[in-house]
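The values are calculated or read from the model by the stated rules, or taken from the named source; none is laboratory data. No experiment lies behind these values; they were computed from the predicted model shown. No Cβ is skipped: glycine too gets one built from the backbone with ideal geometry, and neighbour counts run over all protein chains shown.
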Amino acid sequence: MKTLVIVTHPSMETSVINKRWAEELRKYPEKYTVHELHKVYPDGIIDVEKEQKLIEAHGNLVLQFPIFWFNCPPLLKKWLDEVFTYGWAYGSNGGDKLKNRKVALGVSAGITKGNYSAAGRYRYTLEQILVPFETTFLYCKADYRSFFAFYGTENEPGENVPGAENEAPASQLEQSALNYLKFIDNL
């Protein structure tokens, strides 16, 4: 079965990393379905039944998003809250639609990898910051397979450099897109 990739980026047209990853995924429609939440739900009103059926029609599930305030974009949080319902994603009355499903994350982080460390500026690793996602999937008895990350080159807070987290060399960006697909294929 195909892998469903839920892409959540509020300004995909100006994205570099997430946009490039989605472009690479779309080259292989027989393997991946790219589902952009902001395009499908510009008003933020989620069709829960449609989303649940979409997940059920696929094998693996990947959530792709940029790190926003050390979390996911608000629309993805809303999607998780509304789609992962009792009786569908978890619970004693059925609730097994994610059971044993391989799930993973694809994240772009504007901050350098060094800043995501015990000795770094923010004292926590990206793995630690993403624990709520892992815990959610474990709660739903899914097979959480970790995350793929692209770390950026953010400037110090207060420096107004639009898009600085996306200013990676083209070769690094291209390699990350290829490595992202390898990661997904090896779930």
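Observations, loosely collected:
- When Gly106 is tested against (1) crowded, with 18+ Cβ neighbours inside 10 Å; (2) over 19 Å from Phe183 (Cβ atoms), just one condition goes unmet, and that condition is (2).
- Residue in segment 165-182 that is at pLDDT below 95, part of a helix (DSSP H, G or I) and in contact with a Gly (Cβ under 9 Å, 6 or more places away or on another chain) present: yes
- Residues in segment 36-47 that are assigned to a loop (DSSP other than H, G, I, E, B) and within 17 Å of the chain's Cα centre (by Cα): Tyr41 only.
- Answer residue from segment 79-113, given it is assigned to a strand (DSSP E or B) and β-branched (Val, Ile, Thr) and is farthest from Ala149 (Cα to Cα) among those: Val103
- Among the residues of segment 112-162, those identified as of a type in the set (Val, Ile, Thr), under 16 Å from the mean Cα position of the chain (by Cα) and either surrounded by 15 or more Cβ atoms within 10 Å (Cβ to Cβ) or modelled with pLDDT under 95 (or both) are Ile129, Thr136.
Here's the yes/no breakdown for (1) under 14 Å from Thr8 (Cα atoms); (2) touching a strand residue (DSSP E or B) at 6+ places or on another chain (Cβ under 6 Å); (3) in a loop (DSSP other than H, G, I, E, B); (4) modelled with pLDDT under 95:
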site: Trp21; (1), (2), (3), (4): yes, no, no, no
site: Pro29; (1), (2), (3), (4): no, no, yes, no
site: Val34; (1), (2), (3), (4): yes, yes, no, no
site: Glu49; (1), (2), (3), (4): no, no, no, no
site: Gln52; (1), (2), (3), (4): no, no, no, no
site: Val62; (1), (2), (3), (4): yes, yes, no, no
site: Lys77; (1), (2), (3), (4): yes, no, no, no
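- All conditions in (1) surrounded by fewer than 19 Cβ atoms within 10 Å (Cβ to Cβ); (2) touching a strand residue (DSSP E or B) at 6+ places or on another chain (Cβ under 8 Å) hold for Tyr41, with the sole exception of (2).
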